[in-house]
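The values are calculated or read from the model by the stated rules, or taken from the named source; none is laboratory data. Quantities reported herein were computed from a predicted structural model and do not represent experimental measurements. With ideal geometry, Cβ positions are generated from the backbone for all residues, glycine too; neighbour counts draw on all protein chains shown. Surface accessibility is based on the protein's heavy atoms, side chains included, excluding ligands, DNA and RNA. Shrake-Rupley method; radii C 1.70, N 1.55, O 1.52, S 1.80 Å.
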Amino acid sequence: MTQEELFKKLIAHSKEYGFIFPSSEIYDGLSAVYDYGQMGVELKNNIKKYWWDAMVKLNANIVGIDAAIFMHPKTWEASGHVGAFNDPLIDNKDSKKRYRADVLIEDWLAKQDEKIDKEVDKAAKRFGESFDEELFRQTNPRIAEIVEKRAAMHKRMVAALTDNDLDELKKIIEDCEIVCPISGTRNWTEVRQFNLMFETKVGSVAEGANTIYLRPETAQGIFVNFLNVQKTGRMKIPFGIAQIGKAFRNEIVARQFIFRMREFEQMEMQFFVRPGEEMEWYEFWKNFRMRWHRALGFGDQHYRFHDHDKLAHYANAAADVEYEFPFGFKEVEGIHSRTDFDLGNHQKFSGRKMQYYDPETNESYVPYVVETSIGVDRTVLQVLSASYTEEDLTKEGGPKDERVVMKFPPAVAPVKAAVLPLVKKDGLPELAREIVDSLKFDHVIQYDEKDSIGKRYRRQDAIGTPFCITVDHQSVEDRTVTIRHRDSMEQERVAIAELPGVIGEAVSMRKLFEKITNA
RNA sequence: GCGGAAAUAGCUCAGUCGGUAGAGCAUUAGCUUCCCAAGCUAAGGGUCGCGAGUUCGAAUCUCGUUUUCCGCUCCA
């Protein structure tokens, strides 16, 4: 089976068993937006809990917050999001190259100047010493024509950029007969605005409401609260602030299932350090985060670091944690050394001091920041694709038999156990219900009495339930049951009284945390 | 965004030459009581992605459109 086929099967499986649905499917769906179903939400919540506890509980110097999605518009000026991503873009359909529409027009304007200079040069050669350049420029009809058209186009461009009139920009490109420098054709797409941030209005639209944005990253909610948390929590540097929340980016191309969505969830931690100590903390968090990933037990060889050569405007070091998806190694998490870029800019834009008084060094300074930023949805996809397993169970000479198993780590599995009466009579269902009641306060438990026991095991395999508790006739007599293990399909007999302890231990996140901290 | 492919029941798919929409699995109810799917009976479930056009008549032909997948492109 190719990786591509595997990925398609994973997407189909995710929908069929209630993990992930296309958004608004009855209306044909909405491109690159997905909903989590009854299984998906459990898996996702467990992954978030695994992250939150690993960051906030295991590290005494990290606390959490939950900032609003709406933020003051100035936030995005300070962060650099407003300025950097507002360009009108146009594609050439033949060369498939993308250009800034205003740059294309400006290049054309520059070319007109060159044309004029050429005419002047030609004339200068022709007339020799008697040549009056000024007079020539003013009187030559060919030059006059170029100058007039150039001026008209320039005026139109300025107006179009001011009014943000994208159709007019396209018309100017057509009227100037601008060709693609690579393909040499005039086969252009429409001009589009490439602003990554979603806009909305606050207050009455009629009374000149303010434009605000859906946050394109959660990090800024932490930076603007830096002083609040530091002061009220009596935090001493180095310390971190963690947050899980939604962010929104209007990607032009959003694809690969839930890998790149326009609405997505991030788990971010900003770690504030003394300037000059950022590189050792950068290394610390790279390693800590890698251990978090590897503790899930999917195989260390499927994870790697990718160090960035080209750095973003805010960073002085950056690395990705990549996982080997069916479609190749892809970024799941980023660890960035963000310097004092964000706090420094907020200080500049807000006029408030974003500084920390360090009692050890007796100095005030803007802290440096090391960020760990992981995509929740990408991690869900990572866990889904790592867990998806097809097994051939065909016995010698028997009929063909296969099963699909989601081999989730028990700690993140959506359903922890299913309680199954072997038959639907003789008091077995009643005893099974009693067992469900004894476990349901601590775990998500399913009860199923429909169809043969083998079929029920397969249904639980498909949603990755690690344990099936089977109630048989012996159970009624001696109050024991069998636990059937998902991966080995082997069974062991356990007293009903021991079930809460056995299941609780097996699905606990404790073992994962120990792997992270003991390394 | 460009190019290619696809879309029929929850899933996998069939549907001939344009002539009243089908199967298997799944689901629900009942029977069966069997520790690793596919035993029996019955039932429910379809705007054939959507919108136009051609036609006496369109799941089928044409155009447009939406969504998905693949390649390119993009991705602080």
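Listing for the model above:
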item	result
Long-range amide H partners of A:Asp35 with built H, under 5 Å	A:Phe21, A:Ser23
Computed [θ] at 222 nm, deg cm²/dmol, chain A (DSSP H ≥ 4; -39,500 (n - 2.57); rounded to nearest 500)	-12000 deg cm²/dmol
Chain A: antiparallel DSSP beta bridges as a percent of all, rounded to 5	85 percent
J(HN,Hα) series, segment A:415-423, from Karplus relation 6.51 cos²θ - 1.76 cosθ + 1.60, nearest Hz, glycine and proline x	10, 7, 7, 10, 9, 10, x, 4, 10
Candidate lysines - alpha carbon under 16 Å from A:Lys8, same-chain residues fewer than 8 apart omitted	none
Environment charge at A:Phe513 (Cβ cut-off 11 Å; Lys +1, Arg +1, Asp -1, Glu -1)	+3
Solvent exposure of segment A:195-293 as accessible area per residue, Å², 1.4 Å probe	42 Å²
Cα convex hull of chain A, projected area averaged across orientations, nm²	37.7 nm²
Placed amide H near A:Glu217: partners under 5 Å, 5+ positions off or other chain	A:Phe248
Ordering of A:46-54, A:237-245, A:172-180 by burial proxy (mean other Cβ atoms within 10 Å per residue, highest first)	A:237-245, A:46-54, A:172-180
Mean separation of Cα contacts under 8 Å, 6 or more apart, over the residue count of chain A: relative contact order %	14 percent
Residues whose placed amide H lies under 5 Å from that of A:Met489, excluding near-sequence neighbours	none
Under the Karplus curve 6.51 cos²θ - 1.76 cosθ + 1.60, θ = phi - 60°, whole-Hz ³J(HN,Hα) for segment A:147-162, x wherever Gly or Pro sits	4, 5, 5, 4, 5, 5, 5, 4, 5, 5, 5, 4, 5, 5, 5, 5
Lysines whose Cα lies under 26 Å from that of A:Lys424, excluding same-chain neighbours fewer than 8 positions away	A:Lys416, A:Lys440, A:Lys450, A:Lys455
